[in-house]
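The values are calculated or read from the model by the stated rules, or taken from the named source; none is laboratory data. Just so we're clear, the structure is a prediction, and the values are computed from it rather than from any experiment. Cβ coordinates were reconstructed from backbone atoms using ideal geometry, including for glycine residues, and neighbour counts include every protein chain displayed. When the accessible area is computed, the model is the full protein with side chains, heavy atoms only, and any ligands, DNA or RNA have been set aside. Shrake-Rupley method; radii C 1.70, N 1.55, O 1.52, S 1.80 Å.
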Amino acid sequence: MGEFKVHRVRFFDYMPSAIRAMAFSSRSERLALARADGALEIFNFADNYFQEKVVPGQDSRAAETLCWVGQRLFGAGLNGDITEYDLDNLRLRYTVAAYGGPIWTVSSNSQGTLLAAGCEDGTVKMFEIMEERIQFQRNLDRQKGRIISLSWHPSGTLIAAGMMDMIRIFDAETGHATHRLLVERGIGASKSKEVVVWCVAFLSDHTIISGDSAGKVQIWDGFTGTVVKTHLVTKWDVLSLSVSQDESSLVAGTSEGTVIQFQFISTTVDQQDKEWVRTRTFKNHSHDVRALAHIDTAIVSGGMDTQLVVRPLLDKVEKNTQESALRKIAFPHRSLVCCAKKAGQLLFQFTEHLELWKLGESDGHGKPGDSLPLKKKPEKLLHLKKKGDNHICCSALSPCGGWMAYSTVSSVRLYRLQYINNDISITKMSKLPKGLVSAHRLCFSSDSSKLFASSSHSVIVISLNQLECKYLYTLKPKSGSRQPVHLLFASEDGKWLATANTDCEVHVYNLDKQKLHCTVPVHSSCPTAIAIHPVTSNLVMAHADQQIFEYSLLHKEYTEWSRKLQKQGLHSLWLQRDTPVTHITFSTRNPAHIIVHDEFMFCIIDQNLPLPESKTLLYNQMTLRSIPDQERIKHSHAFKICKNYQNLLYVTLLEDHSVVVVERPLLDIMSQLPAPVRQKMFAT
């Protein structure tokens with residue numbers, strides 16, 4: 001594998017935000033997830049659970065509830081507005097004020113024609129879903145308390161509304177309340193407390209299921225308005241409910257971090273009468289489970305502990321396969337770190353600010369595994385706060401460390417950095433080209449003379465000098481795709497620019513001729529990382545399904561090594577990894593080395609060595625160390641994997657051939673979370 005001096009970086013204090021709401025679209029197999037900082041994330045469950053899109057948040061605008069209507073996505077929050085998201089341009093399409101105070105919940109009918117919003121002032125407001133916008137239609141009968149939760153009957157004629165101490169059933173056509181279901185309060189001291197009905201579900205057989213702040217999951221008869229059964233599942237709150245599509249199973253999330261499954265099954269031998277029976281309890285969270293989605297093969301949950309958990313249902317998937325493995329998605333599937341390789345600097349992207357750090361220095365030498373003494377400690381050079389309400393969506397640092405840029409959905413800001421003795425001065429470039437309004441990705445050329453900014457489907461090229469920045473030209477693909485460009489890479493020699501979008505298209509532009517050079521054959525899975533080799537000009541691509549391809553830009557075809565890799569197939573353990581490759585880099589000393597990393601490992605792929613066979617030990621670095629040199633050559637294969645570092649956010653090589661490893665241990669994140677609800681343990 002070779003010896004490297006490693007800069008082990010643990011001063012990137014990245015803190016993911018709590019999960020507030022989620023909605024799953026079975027039509028597109030995509031999960032929309034809203035976080036407490038206002039950000040919206042889209043995960044493609046059909047493509048190995050890849051996080052394909054992120055809509056950045058805004059100050060004081062966080063969604064409490066999400067709702068898919070066909071391919072359209074709506075959200076609402078405590079600011080009182082209903083928002084439709086523009087998933088092509090990764091921004092808000094428009095907002096509509098409901099004029100009912102904070103909105104706690106939105107829900108659409110199964111026909112996709114009406115959207116109901118539950119408001120603080122006790123009204124359920126109906127909006128008609130039109131082609132371009134939504135339009136207020138009318139209010140249902142106003143109630144005395146706030147509307148916390150809503151659920152439509154599949155027929156679209158009735159709506160159940162969860163409130164304080166009760167559930168109301170409304171006739172959607174007349175707008176009148178037809179039933180009042182009184183929810184029993186807790187026992188003892190909590191009997192004086194109002195019960196909050198946090199969640200309701202209205203089933204096709206007119207059964208209503210509710211979860212409340214007294215820890216109960218209750219089954220109601222929607223015809224008579226009476227309780228059929230009460231399940232006391234926690235001493236704390238039941239915060240979320242989700243029902244499977246066939247209505248045979250439901251899950252409830254609690255503030256203890258547990259997810260409880262109920263199934264509609266027969267309890268007798270003759271299997272005549274079915275009822276809702278508590279069957280399983282899952283404990284995959286440390287804090288409140290605020291959001292749930294019950295999909296065909298798994299339970300998806302999220303909450304205060306910031307992690308998205310996909311828990312497969314073992315009776316629905318084949319055991320001991322990739323589908324049966326528990327997944328915890330803790331970090332973004334994109335890089336939040338940028339490195340100035342020539343200057344030895346790191347740029348860290350947070351939602352509301354940027355941090356620029358200078359790496360430490362050591363002149364010591366030691367044996368593998370030794371910690372070297374620092375001659376100079378890492379130094380924080382800059383803390384730059386964003387301007388305006390919109391959060392930062394992308395950022396970039398030039399290789400020389402002299403330029404820095406970031407973008408929000410409303411503006412791009414470019415700064416000139418100068419170093420005089422030990423001081424840093426920062427100058428904002430005031431006049432940017434008019435076409436540069438916002439960017440999904442930013443990237444500097446290797447000589448720091450150009451800035452590339454990708455919008456929805458094109459790339460703007462800007463020239464930089466000490467005094468000004470000037471618009472040069474725009475690069476557009478011929479495909480006509482409207483999907484956003486999520487990856488951007490400029491080659492070392494300044495000749496090529498590669499882009500990838502969420503339609504799985506990879507385009508390469510010739511910067512000398514200022515036009516499209518080629519489009520790589522489309523793979524069915526989304527690219528997660530791309531890079532152009534500085535020596536061979538081959539484009540290396542990693543995809544969400546863990547496949548790796550190498551494409552020759554000179555010959556416009558896959559390389560011999562790539563064909564061999566696809567013919568033989570990647571090792572099964574490589575394909576079973578559950579986090580995508582987020583960065584690719586190369587070794588200048590050894591052109592045959594490709595360095596890739598995901599969250600749990602970094603790997604040096606040596607193209608001169610044979611590919612691992614299916615029966616070969618993939619993680620064999622420790623084994624190789626223990627055998628003699630002559631034997632080692634026989635057992636070596638191309639994939640040299642290092643798992644010494646965990647929760648990796650970034651790995652790259654500097655010009656002096658030292659490795660930078662940016663880690664964010666999960667324990668550090670967990671230690672910054674608020675305390676969970678206190679649970680009495682045995683003998684305490």
Considering residues of the stretch 443-497 that are closer than 20 Å to residue 52 by Cα and among the small types (Gly, Ala, Ser) only, the residue modelled with the highest pLDDT: 453
Some residue of the stretch 122-132 being under 20 Å from residue 225 (Cβ atoms) and assigned to a strand (DSSP E or B): yes
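This table checks each residue for (1) within 25 Å of residue 263 (Cα to Cα); (2) surrounded by 14 or more Cβ atoms within 10 Å (Cβ to Cβ); (3) in the same structural domain as residue 22 (by TED's automatic domain parsing).
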position: 109; (1), (2), (3): yes, yes, yes
position: 127; (1), (2), (3): no, yes, no
position: 199; (1), (2), (3): yes, yes, no
position: 210; (1), (2), (3): yes, yes, no
Residue count for the stretch 82-91, restricted to those that are free of Cβ contacts under 8 Å to residues at least 60 places away in the same chain and surrounded by 19 or more Cβ atoms within 10 Å (Cβ to Cβ): 5
Any chance residue 173 is within 31 Å of the chain's Cα centre (by Cα) and not assigned by TED's automatic domain parsing to the domain that holds residue 290: no
Within the stretch 245-257, tally of residues that are part of a strand (DSSP E or B) and within 15 Å of residue 300 (Cβ to Cβ): 5
Subset tally (residues that are open to solvent by 10 Å² or more (accessible area, probe 1.4 Å), within 14 Å of residue 248 (Cα to Cα) and of a type in the set (Val, Ile, Thr)) for the stretch 271-315: 4
Residue within the stretch 449-460 that is open to solvent by 20 Å² or more (accessible area, probe 1.4 Å), closer than 23 Å to residue 341 by Cα and not hydrophobic (A, V, I, L, M, F, W, C) present: yes
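Do we find a residue being over 22 Å from residue 174 (Cβ atoms) and touching a Pro at 6+ places or on another chain (Cβ under 9 Å) anywhere in the stretch 118-133? Break it down stepwise before answering.
Initial filter on the stretch 118-133 (over 22 Å from residue 174 (Cβ atoms)): 120, 130-133.
So of that shortlist, the ones also touching a Pro at 6+ places or on another chain (Cβ under 9 Å) come out as 120.
Yes, some residue in the stretch 118-133 is over 22 Å from residue 174 (Cβ atoms) and touching a Pro at 6+ places or on another chain (Cβ under 9 Å).
For the stretch 143-157, what are the residues that are farther than 16 Å from residue 199 by Cα and not hydroxyl-bearing (Ser, Thr, Tyr)? Give the steps one after another, and end with the answer.
First pass over the stretch 143-157, keeping only residues farther than 16 Å from residue 199 by Cα: 143-144, 154-157.
Matches in the stretch 143-157: 143, 144, 154, 156.
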Residue match in the stretch 555-576 (condition: part of a loop (DSSP other than H, G, I, E, B), open to solvent by less than 60 Å² (accessible area, probe 1.4 Å) and among the charged types (D, E, K, R)): no
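Looking for whichever is surrounded by 15 or more Cβ atoms within 10 Å (Cβ to Cβ), of a type in the set (S, T, N, Q) and without any contact (Cβ under 8 Å) to a residue 40 or more places away in the chain here; the options are 510, 501. Which one fits? Working first, answer last.
Details: 501 fails: without any contact (Cβ under 8 Å) to a residue 40 or more places away in the chain.
After ruling out the rest, the residue left standing is 510.
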Pairs, first at positive phi in the stretch 389-405, second among the aromatic types (Phe, Trp, Tyr) and in a strand (DSSP E or B), C-beta under 9 Å, six or more apart: 401/419
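Do you know which of the residues in the stretch 471-487 that are in a loop (DSSP other than H, G, I, E, B) and hydroxyl-bearing (Ser, Thr, Tyr) is least open to solvent (accessible area, probe 1.4 Å)?
Here is the first cut: in the stretch 471-487, the ones in a loop (DSSP other than H, G, I, E, B) are 476-484.
So of that shortlist, the ones also hydroxyl-bearing (Ser, Thr, Tyr) come out as 479, 481.
Details: 479: 60, 481: 15 Å².
Within the stretch 471-487, the match that is least open to solvent (accessible area, probe 1.4 Å) is 481.
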Lone unmet requirement of (1) more than 16 Å from residue 89 (Cα to Cα); (2) among the small types (Gly, Ala, Ser); (3) more than 26 Å from the chain's Cα centre (by Cα) for residue 435: (1)
Positions within the stretch 438-448 being within 24 Å of the chain's Cα centre (by Cα) and either in a strand (DSSP E or B) or surrounded by fewer than 22 Cβ atoms within 10 Å (Cβ to Cβ) (or both), in sequence order: 438, 441, 442, 443
Residue match in the stretch 257-274 (condition: at pLDDT 90 or above, under 20 Å from residue 32 (Cα atoms) and touching a strand residue (DSSP E or B) at 6+ places or on another chain (Cβ under 6 Å)): yes
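Within the stretch 133-162, count every residue that is touching a residue at least 40 places away in the same chain (Cβ under 8 Å) and outside any strand (DSSP E or B). Quick ask: steps written out before the conclusion?
If we filter the stretch 133-162 for residues that are touching a residue at least 40 places away in the same chain (Cβ under 8 Å), which is where we start, we get 133-134, 136, 146-156, 158-162.
Keeping just the survivors that are outside any strand (DSSP E or B) gives 133, 146-148, 153-156.
Within the stretch 133-162, residues that are touching a residue at least 40 places away in the same chain (Cβ under 8 Å) and outside any strand (DSSP E or B) number 8.
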Tally of residues being closer than 21 Å to residue 157 by Cβ and open to solvent by 80 Å² or more (accessible area, probe 1.4 Å) across the stretch 136-146: 3
Residue that is farthest from the chain's Cα centre (by Cα), among those in the stretch 221-268 that are surrounded by 15 or more Cβ atoms within 10 Å (Cβ to Cβ) and among the aromatic types (Phe, Trp, Tyr): 264
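Do we have residue 342 as open to solvent by 20 Å² or more (accessible area, probe 1.4 Å) and in contact with a Gly (Cβ under 9 Å, 6 or more places away or on another chain) here?
Numbers: open to solvent by 20 Å² or more (accessible area, probe 1.4 Å): yes; in contact with a Gly (Cβ under 9 Å, 6 or more places away or on another chain): yes.
Considered against the rule, which asks whether it is open to solvent by 20 Å² or more (accessible area, probe 1.4 Å) and in contact with a Gly (Cβ under 9 Å, 6 or more places away or on another chain), residue 342 comes out as yes.
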All positions within the stretch 58-79 that are within 9 Å of residue 20 (Cβ to Cβ) and assigned to a loop (DSSP other than H, G, I, E, B): 62
Test for residue 218: is it assigned to a loop (DSSP other than H, G, I, E, B) and more than 23 Å from the chain's Cα centre (by Cα): no
